[in-house]
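Please read the structure below before turning to the comments.
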Amino acid sequence: MDHFGIGPAIQGAARIYSYSARRTGRTQSLLESVKDGDRVVFLNHRHAEQFKSLCRERGINVDCISSPAEEPDHVLHRGRSKGRTIFDHCWVEAYYYHHIERGMRLLDQISERASGHLHVAAETDAARYEREKWSQNL
């Protein structure tokens, strides 16, 4: 049990970062940094195709693929790229969100399994307050 609400606070901080980093030129920066033979990993096929089109316009041959952030090993099934393998910022954010949530669930499961049957920890008012404070939509 995350009695102190650290998991939800980390989720909130990650959301704040994501929202504040929007429209700051991350895609343009990535476009300017890729070179022939690089591979860029996206969350979905549509974004991969859009970026590949932008690369073609610049005369750069880049492999753009989609892969679920929850299963990063899927990238390994494609073999090695000729250049670098780079993860798009949306993919990286989804990866971290997934693992923060997974860590929170794992702590809850361990706490429940390690607690006595009569002492299953119910969410306290303070813990609920912390979770809700950090979980609100920004």
Name the residue that is surrounded by the most Cβ atoms within 10 Å (Cβ to Cβ), counting only residues in segment 39-49 that are under 10 Å from Asp88 (Cα atoms) and out of contact with any Ser or Thr (no Cβ under 7 Å at 6 or more places or on another chain). Val40
Can you find even one residue in segment 50-73 that is modelled with pLDDT under 95, under 17 Å from the mean Cα position of the chain (by Cα) and crowded, with 16+ Cβ neighbours inside 10 Å? no
With respect to the numbered conditions (1) free of Cβ contacts under 8 Å to residues at least 60 places away in the same chain; (2) not in a helix (DSSP H, G or I), which one is the sole condition not fulfilled by Phe4? (1)
Do we find a residue being within 30 Å of Glu112 (Cα to Cα) and surrounded by 14 or more Cβ atoms within 10 Å (Cβ to Cβ) anywhere in segment 15-38? yes
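The values are calculated or read from the model by the stated rules, or taken from the named source; none is laboratory data. This is a predicted model, so every value here is computed, not measured. Please note: Cβ atoms are built from the backbone with ideal geometry, for glycine as well, and neighbour counts cover all protein chains shown.
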